[in-house]
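**Q** Could you have a look at this structure, given as structure tokens, before my questions?
Nothing in this text is a laboratory measurement; each read-out follows from the coordinates by a stated rule. Keep in mind that what you see is a predicted model, and the values were worked out from it rather than measured. So basically every Cβ, Gly included, is an ideal-geometry build from the backbone, and we count neighbours across all protein chains shown.
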Amino acid sequence: MQSTDSYLMLNIYPYYDYMQSNGVIPLDYALFKPLPPNKEAVDSNTLLHYSNVFDAMVDAAYFAMAFLNYTNIPVVVTESGWPSKGASNEPDATIDNANNYNSNLIKHVFNKTGTPKHPG
């Protein structure tokens, strides 16, 4: 990728991390809903503060690439979303949550805040 000036393209679905966390990841954190500062996740290695799962996942890709000595390859999110319906054991796969996630993702992108590792 480096020799061709390419990008690392990621599909990011915070819903799956939320579901696999067994309650460790709060729903509001996964849906980009505002959190009080004391509820934000703090990376213990970098002390960066994360207010949503999406940014944490994007930065995780950057940190993984840096660990492999690839620091100048941009990450591009090519797909993201939230399910609007799921099985009986997926109560948070709802139209309302899908609407909240997608609306808040669009706001986040248009705000051009970037991620804690790559602001702006």
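**Q** With in contact with a Leu (Cβ under 8 Å, 6 or more places away or on another chain), among the polar types (S, T, N, Q) and more than 21 Å from residue 9 (Cα to Cα) as the only criterion, which of 89, 97 stands out? Explain how you work it out, then say what you get.
**A** Details: 89 fails: in contact with a Leu (Cβ under 8 Å, 6 or more places away or on another chain).
It is 97.
**Q** When you check residue 16 against the structure, is it aromatic (Phe, Trp, Tyr), within 19 Å of residue 98 (Cα to Cα), free of Cβ contacts under 8 Å to residues at least 40 places away in the same chain and out of contact with any Leu (no Cβ under 8 Å at 6 or more places or on another chain), yes or no?
**A** Numbers: aromatic (Phe, Trp, Tyr): yes; within 19 Å of residue 98 (Cα to Cα): yes; free of Cβ contacts under 8 Å to residues at least 40 places away in the same chain: yes; out of contact with any Leu (no Cβ under 8 Å at 6 or more places or on another chain): yes.
Yes.
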